[in-house]
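The values are calculated or read from the model by the stated rules, or taken from the named source; none is laboratory data. Note that the coordinates shown come from a computational prediction; the quantities given were computed from them, not determined experimentally. All Cβ positions, glycine included, derive from the backbone under ideal geometry; neighbour counts span all protein chains shown. Quick note on the areas: whole protein, heavy atoms, side chains included, nothing else; ligands and nucleic acids left out. Shrake-Rupley method; radii C 1.70, N 1.55, O 1.52, S 1.80 Å.
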Amino acid sequence: MAKQQINLVWLKRDLRTQDHLPLHLAETAGLPYLMLFLFEPALLQAPDTALRHLQFQYHSIADMNRRFAPVGRKVTTCYGDAEAVMRRLLQDFEVRTVYGYRESGTQATWNRDKAVKKLFDQEGVLWQECQRDGILRGARNRAGWDKAWYAAMHQPIVHNTFGTASAPDWSHPFLLPEALEASWSVYPDAFQPAGESYAWRYLHSFLSGRGIHYSKHISKPLESRTSCSRLSPYLAWGNISVRQAYRTTLDAMKAMPHKGPYQNFLTRLRWHCHFIQKFEMECSYEHTCINRGYELLPYRSDEAALEAWKTGRTGIPLVDACMRCLHATGWINFRMRAMLVSFLTHHLFQDWRAGVYHLAQLFLDYEPGIHYPQFQMQAGTTGVNTVRIYNPVKNALQHDPSGAFTRKWAPELHRIPDALLHEPWKLSALEQQLYQFQPGLDYPHPIVNIADGAREARDKIWSHRKSELVKQENRRILAAHVRPKQNETP
Ligand SMILES: Cc1cc2nc3c(=O)[nH]c(=O)nc-3n(C[C@H](O)[C@H](O)[C@H](O)COP(=O)(O)OP(=O)(O)OC[C@H]3O[C@@H](n4cnc5c(N)ncnc54)[C@H](O)[C@@H]3O)c2cc1C
């Protein structure tokens with residue numbers, strides 16, 4: 001018997017129903033189509049995956065299914081490696097075209113895509129991959145990139161409608177294991193709720209007032225929780241497209257007397273794609289210093305210090321508060337992310353690779369294309385960016401002067417007055433008694449002297465910048481990843 005002809009939409013980091021070109025192409029192609037999302041065991045084991053990411057994906061799909069319910073559609077979820085699932089699908093159907101977005105993923109997803117592409121080519125299946133946001137495939141440098149980004153943002157938004165094409169019945173053996181599904185289907189209240197519906201609620205509340213102090217509070221760990229857009233998990237898992245966020249903001253700005261904060265927000269939407277473009281062009285950012293010269297910088301390896309950093313027990317209040325907050329909520333603002341990386345790679349002088357997966361797992365908004373390039377930039381291994389060593393005490397005094405954020409996440413310090421909160425090691429014996437605080441018992445002694453750690457790191461990193469290999473790599477990086485204007489040496 002002839003197999004049924006179908007098309008397929010392979011969903012990845014695009015868990016939404018609107019402004020979705022692959023869904024539109026499938027809907028109008030005139031064949032029944034499946035919408036498929038894969039939970040891939042090999043990727044579930046990868047060091048950058050965490051339960052919270054799977055929970056976010058699971059609940060994003062649940063939200064899509066609620067939206068599809070009126071037209072009787074549903075996303076098909078499979079637990080299986082991509083090649084095996086696709087092979088089975090090709091056994092059961094005559095798959096004509098697979099629609100999806102290009103993925104700027106890790107080496108593991110790139111290798112998986114290559115294997116699947118080979119299979120599709122052998123079987124005569126067309127794999128039509130659409131451009132994701134403003135990210136270009138095959139670009140060798142940044143000439144014309146900004147122009148192309150603005151052009152992508154001003155392309156018409158795709159208004160998806162559903163109903164004309166039917167869904168094929170497919171009974172498959174790739175069912176989600178019950179125990180896994182049980183753990184994904186719960187959703188911690190402390191995380192931002194997942195899905196397209198919430199993405200829009202967050203964007204609307206940001207534009208209708210929440211973002212008024214966006215620029216003023218962007219570096220403050222407490223205030224930024226409300227004044228930043230908090231769109232990052234929705235953009236990372238594709239609950240909303242960058243274009244939708246960009247255009248909705250532009251529209252809203254027409255009626256705003258003070259556009260400044262929202263203009264800054266729009267700039268960051270471009271940064272979103274700018275960083276992913278780096279990773280799209282060089283996914284070795286995950287494993288290797290982008291400036292190969294920094295492979296020769298001899299870092300220390302201190303397991304105890306690393307563990308203290310990971311668990312928020314370094315004895316430096318702001319560092320610990322940020323790490324604990326991340327464990328509990330999955331989000332912290334940009335400045336505090338940068339400070340956490342700086343503390344690890346500068347003050348503790350640990351190799352950036354020792355901590356990169358830890359934060360990837362904690363970030364609910366983990367986006368490889370932003371994460372690895374940002375991590376290396378903050379660690380100072382790009383060679384082309386200024387090395388910023390963030391002093392956690394100065395940052396605390398500047399951005400959490402009342403200590404409200406620090407006390408929330410390091411409650412063992414709650415009795416210590418504001419003036420001493422961020423440097424509890426400075427308490428005199430009398431003050432320790434007065435505030436019933438025993439250093440080393442109630443809260444760890446600091447694992448590093450901040451001033452000494454920063455000085456040593458600065459000397460080592462800056463003197464390393466003079467090495468021939470670093471300079472040679474700088475030229476390569478500037479040519480590939482920096483816009484031509486900035487690229488010109490003065
Ligand atoms: C070491 C490190 C790792 C990071 N890893 C991630 C990550 O895995 N995923 C992620 O989305 N962001 C990452 N960021 C960037 C940034 O911290 C977050 O995007 C931002 O804090 C998210 O909050 P928001 O959505 O409220 O941002 P807003 O300030 O409201 O900005 C809106 C959007 O613009 C983009 N954006 C904002 N700042 C940046 C930036 N500096 N670089 C690139 N894009 C930006 C994000 O998509 C963000 O959602 C990282 C930063 C550092 C220093």
task: Hand me the list of helices (runs of 4 or more DSSP H) wholly inside the range 304-419 holding 3 or more residues that are within 11 Å of the ligand (Cβ to nearest atom).
output: 334-342, 353-362, 368-379
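Against the definition (without any contact (Cβ under 8 Å) to a residue 40 or more places away in the chain and not aromatic (Phe, Trp, Tyr)), how does residue 329 come out, yes or no?
Values: without any contact (Cβ under 8 Å) to a residue 40 or more places away in the chain: no; not aromatic (Phe, Trp, Tyr): yes.
No: the conditions fail for residue 329.
For the range 452-469, what are the residues that are within 22 Å of residue 390 (Cβ to Cβ) and in contact (Cβ under 8 Å) with a residue 40 or more places away in the chain?
Of everything in the range 452-469, those that are within 22 Å of residue 390 (Cβ to Cβ) and in contact (Cβ under 8 Å) with a residue 40 or more places away in the chain turn out to be 453, 454, 456, 457, 458, 460, 461, 462, 464, 465.
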- request: Determine whether residue 302 is at pLDDT 95 or above, over 17 Å from the mean Cα position of the chain (by Cα) and open to solvent by 10 Å² or more (accessible area, probe 1.4 Å).
  value: yes
- line: In the range 222-253, residues that are open to solvent by less than 40 Å² (accessible area, probe 1.4 Å) and either within 11 Å of the ligand (Cβ to nearest atom) or not in a loop (DSSP other than H, G, I, E, B) (or both) total 21
Answer residue from the range 263-280, given it is of a type in the set (A, V, I, L, M, F, W, C) and surrounded by fewer than 20 Cβ atoms within 10 Å (Cβ to Cβ) and is farthest from the ligand (Cβ to nearest atom) among those: 266
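Looking at 425, 409, 462 in this structure, which one is under 30 Å from residue 288 (Cβ atoms) and of a type in the set (Phe, Trp, Tyr)? Write out each step before concluding.
Values: 425 fails: under 30 Å from residue 288 (Cβ atoms); 409 fails: under 30 Å from residue 288 (Cβ atoms).
Exactly one of 425, 409, 462 is under 30 Å from residue 288 (Cβ atoms) and of a type in the set (Phe, Trp, Tyr), namely 462.
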task: Give the range 424-438 a look and list any residue that's touching a residue at least 24 places away in the same chain (Cβ under 8 Å) and touching a Leu at 6+ places or on another chain (Cβ under 9 Å), or say none.
output: 424, 437
